[in-house]
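Colleague: Have a look at the structure that comes next, please.
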Amino acid sequence: MLKLIRTALLVLLTAVTIAVPATSAFAQDPGVAASTPKQAAKAQRKAARKAARAQKNGELSTLEKNGYNTGAAKQDSYPQNLQNAESKANASKPASAAN
């Protein structure tokens, strides 16, 4: 009798496992639209922050490639070093992409 109950339970669990998709209750698919306006606004703000951060990091990387050192111990020539790096970066840009 116990073996019959185990077999029935195993068959039932297998059927449930096949019928229910294997997704987590906490997982969020980034391709799915937000379900509420509040969530949509939050997602939009998050995307704007990520874009701004990427732009800032790109600009900083360009300045560092042109000689600006953010971790320099001597900060007495800070504005001049930054301006020199900016002028080098702007000089290396094509004329059409300068604006």
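The values are calculated or read from the model by the stated rules, or taken from the named source; none is laboratory data. Quick caveat, the model's predicted, so the values are computed rather than measured. Counting neighbours? That spans all protein chains shown, and the Cβs are built from the backbone with ideal geometry, glycine included.
Colleague: Would you pick out the residues in the stretch 41-86 that are in a helix (DSSP H, G or I) and either over 24 Å from the mean Cα position of the chain (by Cα) or hydroxyl-bearing (S, T, Y) (or both)?
Modeller: The answer is S61, T62, Y78, P79, Q80, N81, L82, Q83, N84, A85, E86.
Colleague: On the given criteria, is S24 modelled with pLDDT of 65 or more and exposed (fewer than 10 other Cβ atoms within 10 Å of the Cβ)?
Modeller: For S24, the condition - modelled with pLDDT of 65 or more and exposed (fewer than 10 other Cβ atoms within 10 Å of the Cβ) - is not met.
The rows are residues; the columns are (1) at pLDDT below 75; (2) exposed (fewer than 10 other Cβ atoms within 10 Å of the Cβ); (3) not polar (S, T, N, Q).
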site: A8; (1), (2), (3): yes, no, yes
site: L13; (1), (2), (3): yes, no, yes
site: A52; (1), (2), (3): no, no, yes
site: Q55; (1), (2), (3): no, no, no
site: A89; (1), (2), (3): no, no, yes
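Colleague: Is at least one residue of the stretch 66-87 of a type outside the set (A, V, I, L, M), at pLDDT 90 or above and touching a helix residue (DSSP H, G or I) at 6+ places or on another chain (Cβ under 9 Å)?
Modeller: Yes.
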